[in-house]
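Written out below as structure tokens is the structure these notes cover.
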């Protein structure tokens, strides 16, 4: 690295002493390779760190560098112009711009890396869904409770609240690209109360409805640094404004932006109308996230919403079991968040349960009726799993014959799910 040049997470700097006690600093950030060449926002900062002149330059363009040097010299005071001549500025601009890209890409170099038996296991911030130094995407169809759940996660981490999760307390920034400021305040109040916290408890929120994530990166970085933010919750990926979400480049830019702002993040994603099993957009979203959480819902009347949390991807951690939560509402909005009862929201079942349910349905459709013990013996599934599945709405208790309880199918329509596997296939998959 050339003498005096420094590289940090957002750019390259070069302090230039022009006289004793007077240092001007060349600064380049927003450095990138574009279809037209290497570009950066180049600034000349005065001795107080304030920009005297700045412009987005094509770094390899001789005329652009010359124009910048002339404008920089024109902004100097009369005495400084005599000390720091235009031709010196031009040489410094050329030297600086010539080094920006090599220094920027040279931040990451290969190094010999050894394994370590003493490495600690991954550390959870909000187990099992948010891991320190990792990114999580929670996705599901629009207007199905994702924002409530993720806001509850944000508050729980920020407050160290263990009502729903055993959290590692960290400062959280909730990045709101979706809703109005009043809507967030209303939800914050209700979620605080549902978690047993004072309704007025604050949360650091950046309200940026209608703005692009790329335009907020510098402000977010400043807040992360000044306010010691450890976790960012983004609502939502569909509002990042970096281009079509179905294209790989915008998806990569959105993920890169989150990783550059803070190491630990949770982003809300939506699904398409045609496919609710994946986050809408490029596969690069799935590739970039360390944890992916599918949010399923079942509404019961107008006042109760069931939330099913299914982990579909887990890097370096075990996949968590399916979990159900209940959200209750009254005329004022959210009134309660709690663990759902075992028999609540029967439609919310893990994918493997759907397969088991389909297999049991087929079995009973052929057999007519059977006891849980018979079904377990003939299908190869555990009796506890069979008993749980038989509580579903597609099955009916036919009563006892002696000391045995028999079950049958309620309707001749097989439950939704993936194709079933017969007992003989279990060991082959």
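No lab work stands behind these numbers, since they all come straight from the coordinates. This structure is a prediction, so every number in the text was calculated from the model and none was measured. So basically every Cβ, Gly included, is an ideal-geometry build from the backbone, and we count neighbours across all protein chains shown.
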Tell me the angle of helix 62-75 to the major Cα principal axis of the chain, expressed in degrees between 0 and 90 and rounded to the nearest ten. 70 degrees
Could you check what % of the DSSP bridge pairs in the chain are antiparallel, to the nearest 5? 70 percent
Any idea what angle helix 181-194 forms with the longest principal axis of the chain, computed on alpha-carbon atoms, 0 to 90 degrees, nearest 10? 50 degrees
List the relative contact order of segment 8-154 as a percent without decimals, with contacts defined as Cα pairs under 8 Å and 6+ residues apart. 14 percent
Given labels modelled 7 Å from the Cα in the Cβ direction, how far is it in nm from residue 74 to residue 400? 9.7 nm
Quick check: the distance between the Cα centres of segment 346-395 and segment 62-140, to the nearest angstrom? 58 Å
What's the ranking of 194-203, 226-235 by average number of surrounding C-beta atoms within 10 Å, highest first? 226-235, 194-203
The residues 161, 150, sorted from fewest to most surrounding Cβ atoms within 10 Å, come out as 161, 150
Using helices alone, I'd like the mean residue ellipticity at 222 nm for the chain: each DSSP H run of four-plus residues gives -39500 (n - 2.57), total over residue count, nearest 500. -9500 deg cm²/dmol
Could you work out which residue, out of 84, 14, 124, moves most in a Gaussian network model of the chain, that is, has the largest mean-square fluctuation with Cα springs under 10 Å? 84
Part-to-part distance (alpha-carbon centres) for segment 197-234 and segment 245-318, which is given in Å: 20 Å
Out of 31, 83, 157, a Gaussian network model of the chain with alpha-carbon springs under 10 Å gives the largest mean-square fluctuation to 83
If you average the sequence gap of Cα pairs under 8 Å that are 6 or more apart and divide by the length of the chain, what percent do you get for the contact order? 10 percent
By how many degrees, between 0 and 90 and to the nearest 10, does the Cα long axis of helix 146-159 differ from the longest principal axis of the chain? 70 degrees
Taking Rg/Rh (Cα atoms, Kirkwood Rh) as the quantity of interest, determine which of (1) 1.03; (2) 1.16; (3) 1.12 was computed from the displayed structure. (3)
Per residue, how much space in cubic angstrom lies within the convex hull of the C-alpha atoms of segment 6-105? 89 Å³
Additional length obtainable on full extension of the chain from residue 374 to residue 215, 0.36 nm per residue less Cα span: 51.0 nm
Approximate spin-label separation residue 113-residue 332, in nm, with each point projected 7 Å along Cα-to-Cβ: 5.2 nm
If I stretch the segment between residue 387 and residue 41 completely, what's the gain in nm (0.36 nm per residue apart, minus their alpha carbon distance), one decimal? 118.1 nm
Order the peptides 401-407, 69-75 from the highest to the lowest mean number of other Cβ atoms within 10 Å of their residues. 69-75, 401-407
Please find, in a Gaussian network model of the chain (springs between Cα atoms separated by less than 10 Å), the residue of 324, 114, 82 whose mean-square fluctuation is greatest. 114
